[in-house]
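What follows is a single structure, written as structure tokens, with notes after it.
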Amino acid sequence: MNGTRLPDNVKIFIVQSVACFDSPGTVVKAVNQEFGLKISRQQVEKYDPTKRAGQSLSKKLKAIFEATRDGFITNTAHIGWAHRSTRLRVIQRVGEKAEEMGNLALVLDAAKQAAMEEGNSFTNRREHTGKDGKDLPAAAPAVAIFALPDNGRDA
């Protein structure tokens, strides 16, 4: 498709993908899988207004890019890899690729990793209150100290 015009739905797919921080190589593969079209990395960069090649992108596609990027950042904060939704996308791709290759051990590892991500295993969240906002139960002391009876002896 290197010299021909892409359909609008493919252009929008590319714009939304790069707005979500997908690399040009990832987008090339996704377009091939989704639409059966072969495009180049250079073509992908033409749909990213943050790149030099994308500076002449139409107003409509720039608006789609900005809305998608704003939504993505709002939903996943500022740095892609630092946030759960981005990591889950990667884990899903790894799991799907492993399944295609018949690597069941890696599929299970990816599923376990996704479950851990969803369970907040890798966050710094700490619970400050108990059920219904009540105080958390006090932790039992590590060592119990008992007072022994004096039995009338002097120390």
Pair list, Cβ < 6 Å and 6+ apart or interchain, from segment 3-17 residues that are at pLDDT 95 or above to residues that are crowded, with 17+ Cβ neighbours inside 10 Å and of a type in the set (S, T, N, Q)
Q16/T68
Filtering segment 2-19 down to residues that are outside any loop (DSSP other than H, G, I, E, B) and open to solvent by 30 Å² or more (accessible area, probe 1.4 Å) yields D8, N9, I12, F13, Q16
How many of the residues in segment 6-52 are under 21 Å from W81 (Cα atoms) and over 24 Å from the mean Cα position of the chain (by Cα)?
0
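The values are calculated or read from the model by the stated rules, or taken from the named source; none is laboratory data. Nothing here was measured: the structure is a model prediction, and the numbers come from that model. In this analysis, Cβ positions are derived from the backbone assuming ideal geometry, glycine residues included, and neighbour counts consider all displayed protein chains. Side chains included, ligands, DNA and RNA excluded: accessible areas come from the protein's heavy atoms. Shrake-Rupley method; radii C 1.70, N 1.55, O 1.52, S 1.80 Å.
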